[in-house]
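Structure first, then comments.
The values are calculated or read from the model by the stated rules, or taken from the named source; none is laboratory data. For clarity, every value in this text was computed on a predicted model and none was experimentally measured. Please note: Cβ atoms are built from the backbone with ideal geometry, for glycine as well, and neighbour counts cover all protein chains shown. Protein only, heavy atoms only, side chains kept; ligands, DNA and RNA dropped before computing areas. Shrake-Rupley method; radii C 1.70, N 1.55, O 1.52, S 1.80 Å.
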Amino acid sequence: MQLREAGPEDADALTDCEEVAYGTGLAHVFGDLPWPREGIWRRWVAELADPGVTTLVVDDSGGRILGFATYDDQVLRHLGVVPERWGSGLAGRLHDEVLRRRGAQPIRLWVLEENTRARRFYARRGWIEDGRRSISEWPPHPVEVGYSKR
């Protein structure tokens, strides 16, 4: 496995990885709604082109993206791992690399309220729910809760 920074050429593979990870892990939230592939892909294209945003990926030996972590100077924007790698430590490796690269700077994130797996993951790593709440842009527009880490 290789940890590297993603580039614009990774938009399709990141969209695929996110679809598998979130489609499995968040099926209880999004149900049978169609995956918003075009919108997710456009978001990846924009983020990969933004010099203020970094996306780390872990590839397998065949170049398939197994996990990703995206961050900027204030927010951990995305963290996901394909289901067959859940429990392997890959998410922790990506998370820890983001924090290592950022140093001691405070950071925030949003997580779906109903994503108990992710919420436990962040709580174990010292993230604190900070009282922020928002509504997701993706149907059925579930509630997101904010977390902070100093």
Query raised in the report: Considering only helices (runs of 4 or more DSSP H) fully contained in the stretch 1-96, which possess at least 2 residues that are charged (D, E, K, R), more than 20 Å from Ile107 (Cβ to Cβ) and open to solvent by 20 Å² or more (accessible area, probe 1.4 Å)?
Result: 11-25, 37-49
Report task. Taking Leu99 as the residue in question, decide whether it is part of a helix (DSSP H, G or I), in contact with a Leu (Cβ under 8 Å, 6 or more places away or on another chain) and not acidic (Asp, Glu). Result -> no
Query raised in the report: Across the stretch 138-150, what is the total count of residues that are surrounded by 14 or more Cβ atoms within 10 Å (Cβ to Cβ) and either over 16 Å from Gly80 (Cβ atoms) or free of Cβ contacts under 8 Å to residues at least 60 places away in the same chain (or both)?
Result: 7
Query - Residues of the stretch 97-109 classified as open to solvent by 80 Å² or more (accessible area, probe 1.4 Å) and touching a Ser or Thr at 6+ places or on another chain (Cβ under 7 Å), total - result: 1
Requested in this report: Could you please let me know if Ile135 is modelled with pLDDT of 95 or more, open to solvent by 70 Å² or more (accessible area, probe 1.4 Å), β-branched (Val, Ile, Thr) and more than 22 Å from Arg37 (Cα to Cα)?
Outcome: no
**Report entry** Matching residues, the stretch 114-132, being open to solvent by less than 40 Å² (accessible area, probe 1.4 Å) and assigned to a helix (DSSP H, G or I)
**Finding:** Ala118, Phe121, Tyr122
Query raised in the report: What are the pairs, 6+ residues apart or on separate chains, where a residue within the stretch 18-45 that is under 15 Å from Pro139 (Cβ atoms) has its Cβ under 6 Å from a residue that is loosely packed, with under 12 Cβ neighbours inside 10 Å?
Result: Leu33/Pro139
Query - Set Gly62, Gly67: member being without any contact (Cβ under 8 Å) to a residue 60 or more places away in the chain and over 13 Å from Ala21 (Cβ atoms) - result: Gly62
Requested in this report: Could you list all residues from the stretch 112-143 that are charged (D, E, K, R) and closer than 20 Å to Phe30 by Cβ?
Outcome: Glu113, Glu114, Arg117, Arg119, Arg120, Arg133, Glu137
**Report entry** Matching residues, the stretch 133-150, being under 19 Å from Arg102 (Cβ atoms) and assigned to a strand (DSSP E or B)
**Finding:** Gly146, Tyr147, Ser148, Lys149
